[in-house]
1. Cβ-Cβ below 7 Å, separation at least six or inter-chain, first residue in segment 296-311 and touching a residue at least 24 places away in the same chain (Cβ under 8 Å), second among the β-branched types (V, I, T) and part of a helix (DSSP H, G or I): which pairs?
2. For segment 296-307, check the following and say yes or no: at least one residue is in contact with a Ser or Thr (Cβ under 7 Å, 6 or more places away or on another chain), surrounded by 15 or more Cβ atoms within 10 Å (Cβ to Cβ) and farther than 15 Å from L241 by Cβ.
3. Mind checking which residues of segment 505-530 are buried (at least 19 other Cβ atoms within 10 Å of the Cβ), part of a strand (DSSP E or B) and not hydrophobic (A, V, I, L, M, F, W, C)?
4. Need the failing condition index for L458 against (1) among the hydrophobic types (A, V, I, L, M, F, W, C); (2) modelled with pLDDT of 95 or more; (3) surrounded by 19 or more Cβ atoms within 10 Å (Cβ to Cβ), just the number.
5. Quickly run through segment 420-433 and pick out the residues that are over 12 Å from the mean Cα position of the chain (by Cα) and surrounded by fewer than 18 Cβ atoms within 10 Å (Cβ to Cβ).
6. Are any of the residues in segment 482-497 in a strand (DSSP E or B), crowded, with 21+ Cβ neighbours inside 10 Å and not small (G, A, S)?
7. Looking only at segment 439-473, count every residue that is closer than 22 Å to V371 by Cβ and out of contact with any Asp or Glu (no Cβ under 9 Å at 6 or more places or on another chain) and tell me the total.
8. Restricting the search to segment 380-396, which residues are of a type outside the set (S, T, N, Q) and closer than 9 Å to T407 by Cα?
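The values are calculated or read from the model by the stated rules, or taken from the named source; none is laboratory data. All of these numbers come straight from a predicted model, not from anything done at the bench. Note that each Cβ is placed from the backbone with ideal geometry, even for glycine, and that neighbours are counted across all protein chains shown.
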Amino acid sequence: MTTLEWSRITDLLEAIAAEPEQKWALLTPEPAHIRREVDRLLPAHQALEKARSAEGSGRLLARRYQLQEMLGTGGSGEAWLCLDLQEGSRVVVKVARYWEWFRADLKRRFQAEVDVLRTLRHPCIIQVLDSGETQEGAPFLVMPYVDGLTLRQLIDIGPLDPDAAASILEQLGAAIGAAHRAHVSHRDIKPENVMVQTQEDGSSRVFLIDFGIALFGDLEQQSGTTTRFFGTTQYMAPEQLLGKPLPSSDLYALALVAYEMLCGQSLFTAETPVGLYEQQRRLKQSQMQAHLATGVRSLLLKALNPDPGKRPSDAAAFSTKLAEEIRKPGSRVPSRRTILGIGLGSAAVALPGATWLNHQYGPPSAAEKLVTYKAGQNLANVGWHVAGRIDANVVVFDQVDGHIIGTSLTSATQGVYVFPLSKRLRRVALKRPWRLNFFAQPFHGDSHAGVSLPEVGLRFVMAATVPDHGEPFVRLIENYLPSLKDMRAPIRLDKDRLLKFELSFDPAKQTAALAVDGRRLLDGYRGTTEYLELPGIGIGISAFQSKLAEGVFGDLSFLME
């Protein structure tokens with residue numbers, strides 16, 4: 001096998017691992033000896049990757065960066081969310097896959113990305129913070145963690161609002177233009193390599209990431225090896241498909257990304273490089289979606305000219321001009337988001353541009369991050385809704401001074417009150433510390449409380465249990481089916497007062513802990529993946545190990561930092 005063939009095998013293994021159902025389609029066009037080698041290596045590759053993912057978490061790089069969660073894999077390595085133990089902040093570490101770190105070309109590729117990022121200075125280009133090698137010799141680089149979404153995730157929802165698309169396009173074009181002025185071509189412009197972060201003021205900030213193949217073709221030519229086929233085929237310009245990328249190839253890809261933002265789908269549908277090349281050469285304005293304004297289609301067609309010399313030469317100027325056309329009233333058409341909003345009524349109409357992004361994906365507001373409930377308040381009157389069966393709901397008063405102690409809930413089976421948390425808060429609930437504090441006094445069965453987060457597939461729930469036979473205890477529920485599994489600790493009840501419970505989540509450890517009256521009883525809780533149907537905060541009762549469920553709930557607060 002040649003170096004080029006091994007690189008192709010590596011790419012195929014990665015593609016099949018990501019989409020196993022596409023194995024046949026991926027291998028069919030390949031030579032027989034490549035197919036045989038991929039079939040031979042695939043089982044070992046899958047097993048090693050699985051083991052690597054499981055073993056990687058907790059590993060320490062350079063005595064400083066603690067690996068916490070794999071964010072994804074790409075052509076040049078793995079991206080990990082890490083804790084910088086020196087600064088106490090979260091960073092992203094990109095490291096070569098451990099089974100191919102010895103490749104000299106891959107090491108040059110990592111070093112090229114480090115050199116490129118240290119050369120470029122632009123607010124929309126991600127910076128490199130550090131670089132080095134693992135103890136095994138695998139290269140890695142460290143970048144800031146961007147708490148946002150990829151443009152791919154936004155497009156997957158549907159076409160972007162014109163203002164949002166225009167804002168992202170302007171920033172992305174400015175970043176590409178800055179790179180070109182520094183004589184750097186990105187060569188892999190695509191939605192997956194664009195991060196969108198919503199700021200506190202509602203504006204969106206774009207980051208262009210992954211310069212892993214920028215300038216690398218030049219390095220290969222200097223080393224005397226065969227030029228590799230770099231980039232993502234779907235976004236390659238015709239000359240890049242022929243192995244001769246130019247700076248204008250980035251502008252070609254930018255136009256394809258712009259079309260996808262506005263239409264929610266790719267312009268070209270070919271499944272092979274040959275078919276794609278033919279579609280590119282024969283592209284006409286009439287092949288673009290009809291709802292796009294003529295001015296927008298005309299500019300896109302110029303940028304998608306198969307002759308690189310006839311395309312606009314300045315990415316920043318092109319993106320500014322295209323953004324202006326997109327913002328024109330005549331260019332506005334109802335996107336799927338708008339249609340969905342209208343269908344839901346006047347309160348759900350589509351929000352323009354950055355406002356929509358902030359509403360859907362921005363950082364939770366201070367009001368969203370704090371939920372309070374005062375003992376004795378009517379739960380239904382302050383935003384809580386009931387699920388299941390609550391047979392009695394009675395305010396309990398102190399018999400001596402008459403102050404309100406809490407609300408007594410009773411059920412012959414089980415019931416819960418739920419306070420909804422915003423979707424954008426639930427999306428980031430595993431990235432930020434939060435605490436659920438409440439006062440309760442269990443009498444029979446379970447008195448439980450928790451936080452349900454369907455967007456991340458987890459629910460954190462604790463229960464204080466008073467069984468009909470046996471001593472009281474607290475538990476953190478891990479599984480309901482096929483059999484109950486939980487973490488438990490005994491507790492002592494006080495008939496004269498409510499106990500204070502605190503369920504707290506640590507994003508660095510990705511676990512929760514339970515404290516009772518200030519004393520931590522249980523730790524290392526990773527939640528349960530079951531019963532996520534009621535998103536938000538829940539408090540309730542159930543007849544667990546008891547013929548009746550009864551408990552009193554007092555003050556409650558939920559706070560996300």
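1. Pairs that qualify, where the first residue is touching a residue at least 24 places away in the same chain (Cβ under 8 Å) and the partner is among the β-branched types (V, I, T) and part of a helix (DSSP H, G or I), are V296/I326.
2. So in segment 296-307, the residues in contact with a Ser or Thr (Cβ under 7 Å, 6 or more places away or on another chain) come out as 296.
After this cut, where a residue has to be surrounded by 15 or more Cβ atoms within 10 Å (Cβ to Cβ) as well, the list is 296.
In the following step, the residues that additionally are farther than 15 Å from L241 by Cβ were identified as 296.
Within segment 296-307, one or more residues are in contact with a Ser or Thr (Cβ under 7 Å, 6 or more places away or on another chain), surrounded by 15 or more Cβ atoms within 10 Å (Cβ to Cβ) and farther than 15 Å from L241 by Cβ.
3. Scanning segment 505-530 gives Y525, T528.
4. Looking at each condition in turn, L458 falls short on (2).
5. P420, S422, K423, R432, P433
6. No.
7. Matching residues across segment 439-473 total 14.
8. First, the residues of segment 380-396 that are of a type outside the set (S, T, N, Q): 380, 382-392, 394-396.
Hits for segment 380-396 are V394, V395, V396.
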